[in-house]
Amino acid sequence: MSKFTIEYTQPFKHTSETHDYRSDDPVACEEFLEELLEKGYRIKAIRHAGVDVPRPDFDKMVKIAASMLASKVICASLGISTDEEHFRFGFSC
């Protein structure tokens, strides 16, 4: 059993299948959450060792992923480094 499981659905008009992503690496989970946010997928649950993570931990993981996404978008749009982005905007993790 993997330490972390992320349950998500893809946004289709007529159907929604639930999928699971599993990993033992919390950083890999945050990176996967970033991809889900970028694609607009619905995040249904985050579990650790088979148990739903508490709401504050869920929110913290999503916030980190959102910050990673914001940093990536800002760097690409402005053509700046992650160091400059962090100095100017404070998103880089």
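Values in this text are rule-based calculations from the coordinates and carry no lab data. All values derive from a computational prediction rather than experimental measurement. Neighbour counts are summed over all protein chains in view; Cβ atoms, including those assigned to glycine, are modelled from backbone coordinates with ideal geometry.
What FRET efficiency comes out for Phe12 versus Ala49 if R0 is 30 angstrom and r is the Cβ-Cβ distance? Round to the nearest 0.05. The pair Phe12/Ala49 has a calculated efficiency of 0.45. Relative to the longest principal axis of the Cα atoms of the chain, helix 26-39 runs at roughly 80 degrees. Where only DSSP H runs of four or more residues are counted, the chain gives -16000 deg cm²/dmol as its mean residue ellipticity at 222 nm, each run worth -39500 (n - 2.57). Placing +1 on the Cβ of every Lys and Arg and -1 on the Cβ of every Asp and Glu, with nothing else charged, gives the range 4-67 a dipole about its Cα centre of roughly 320 debye.
Of the residues Ser16, Gly50, Leu36, the one whose Cα sits farthest toward the positive end of the charge dipole of the range 4-67, with +1 on the Cβ of Lys and Arg and -1 on the Cβ of Asp and Glu, is Ser16. Computed 3J(HN,Hα) for the range 86-91, one whole-Hz value per residue from the Karplus formula 6.51 cos²θ - 1.76 cosθ + 1.60 where θ = phi - 60°, is 4, 5, 7, 10, x, 8, glycine and proline marked x. For the chain, the longest principal axis of the Cα atoms and the long axis of helix 55-78 meet at an angle of about 40 degrees.
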